[in-house]
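Visitor: I'd like to ask you about the structure that follows.
The values are calculated or read from the model by the stated rules, or taken from the named source; none is laboratory data. Values in this document were obtained by computation on a predicted structure and should not be read as measured data. Cβ placement follows ideal geometry from the backbone for every residue including glycine, while neighbour counts extend to all protein chains displayed.
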Amino acid sequence: MVLIEEQLGKNNNPMLAFTFALRASETKRQWPKRLKIFFDFLNLEDATTIEEQANQFVIKAKQNLQWAHETFIQFISFQLERIKQGEISESTLPNYYKAAKLFCEMNDILLNWNKIRRGIPRTKQAANDRAPTLEEIQKLVEYPDRRIKPIICMMISSGIRISAWDYIKLKHI
């Protein structure tokens, strides 16, 4: 532990710098797990916790930026194989990349992100949704429960999805 403190500096904690940059509560919950997946792929010796893995990665990356660049390329290639096998979807890969990139940026590990990002496939940003047809709307509005009609009309006219009802209050209407 003393050796790590000497190499990083006494007050430098890579995970603290990383979590400092995370603002949203959901991001704070998910991104450390995604970063751990990247660190587990690296198989850093004698490191079991994410803090130990982070310390070792920062030390190695600052000593050899080429190694850090190559590990990102290898990690992306590994994830691309998982996409081909159907283990993960294409839209999952950027989530791993973004967490690891933020970690490196917050710990002053300067890599050529444009070169690394080129290997990541572009994904659709839009959901696979469609607007309901007039026949579908009419069928829903004809339903005998009269509470359904205002709900359907509100959703159709405003374009909200079902999950938006969790956040709507009576004073919003």
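Visitor: With respect to residue 165, is the statement that it is under 27 Å from the mean Cα position of the chain (by Cα), assigned to a helix (DSSP H, G or I) and not assigned by TED's automatic domain parsing to the domain that holds residue 29 true?
Guide: Answer is yes for this residue.
Visitor: Is it true that residue 107 is touching a residue at least 60 places away in the same chain (Cβ under 8 Å), assigned by TED's automatic domain parsing to the domain that holds residue 38 and either loosely packed, with under 13 Cβ neighbours inside 10 Å or farther than 30 Å from residue 173 by Cβ (or both)?
Guide: Details: touching a residue at least 60 places away in the same chain (Cβ under 8 Å): yes; assigned by TED's automatic domain parsing to the domain that holds residue 38: yes; either loosely packed, with under 13 Cβ neighbours inside 10 Å or farther than 30 Å from residue 173 by Cβ (or both): yes.
Here the answer is yes, as residue 107 does meet what is asked.
Visitor: Among the residues in the range 35-53, are any of a type in the set (Phe, Trp, Tyr) and crowded, with 17+ Cβ neighbours inside 10 Å? Lay out the reasoning, then the answer.
Guide: Taking the range 35-53 first, the residues of a type in the set (Phe, Trp, Tyr) are 38-39, 41.
Filter once more, so that each one left must be crowded, with 17+ Cβ neighbours inside 10 Å: 38-39.
Within the range 35-53, one or more residues are of a type in the set (Phe, Trp, Tyr) and crowded, with 17+ Cβ neighbours inside 10 Å.
Visitor: Please work out which one of (1) in the same structural domain as residue 44 (by TED's automatic domain parsing); (2) part of a helix (DSSP H, G or I) is the condition residue 153 fails and give its number.
Guide: (1)
Visitor: Which residue pairs have Cβ atoms closer than 7 Å, lie 6 or more positions apart in sequence or on different chains, and pair a first residue in the range 21-48 that is over 11 Å from residue 103 (Cα atoms) with a second residue that is not in a helix (DSSP H, G or I)?
Guide: Sorted first by the residue in the range 21-48, then by its partner, the pairs are 28/22.
Visitor: Run down 37, 109, 137, 120 and say which single residue is more than 30 Å from residue 162 (Cα to Cα), assigned to a helix (DSSP H, G or I) and hydrophobic (A, V, I, L, M, F, W, C).
Guide: So the residue among 37, 109, 137, 120 that is more than 30 Å from residue 162 (Cα to Cα), assigned to a helix (DSSP H, G or I) and hydrophobic (A, V, I, L, M, F, W, C) is 37.
Visitor: Give the range 75-92 a look and list any residue that's assigned to a helix (DSSP H, G or I) and touching a residue at least 12 places away in the same chain (Cβ under 8 Å), or say none.
Guide: 75, 76, 77, 78, 79, 80, 83
Visitor: Kindly provide the set of residues from the range 16-29 that are surrounded by 14 or more Cβ atoms within 10 Å (Cβ to Cβ) and assigned to a helix (DSSP H, G or I), ordered by number.
Guide: Step one: of the range 16-29, the residues surrounded by 14 or more Cβ atoms within 10 Å (Cβ to Cβ) are 17-19, 22, 27.
Hits for the range 16-29 are 17, 18, 19, 27.
Visitor: Is it true that residue 99 is touching a helix residue (DSSP H, G or I) at 6+ places or on another chain (Cβ under 7 Å), assigned by TED's automatic domain parsing to the domain that holds residue 30 and within 16 Å of residue 43 (Cβ to Cβ)?
Guide: No.
Visitor: Another question about this same structure. Looking at 168, 162, 137 in this structure, which one is of a type in the set (Val, Ile, Thr) and either surrounded by 13 or more Cβ atoms within 10 Å (Cβ to Cβ) or modelled with pLDDT of 95 or more (or both)?
Guide: 137
Visitor: Filter the range 73-124 down to the residues that are among the aromatic types (Phe, Trp, Tyr) and within 18 Å of residue 15 (Cβ to Cβ), then identify the one that is farthest from the chain's Cα centre (by Cα).
Guide: 103
Visitor: Only one of these conditions is not met by residue 63: (1) surrounded by fewer than 17 Cβ atoms within 10 Å (Cβ to Cβ); (2) in contact (Cβ under 8 Å) with a residue 40 or more places away in the chain; (3) not charged (D, E, K, R). Which number is it?
Guide: Condition not satisfied by residue 63: (2).
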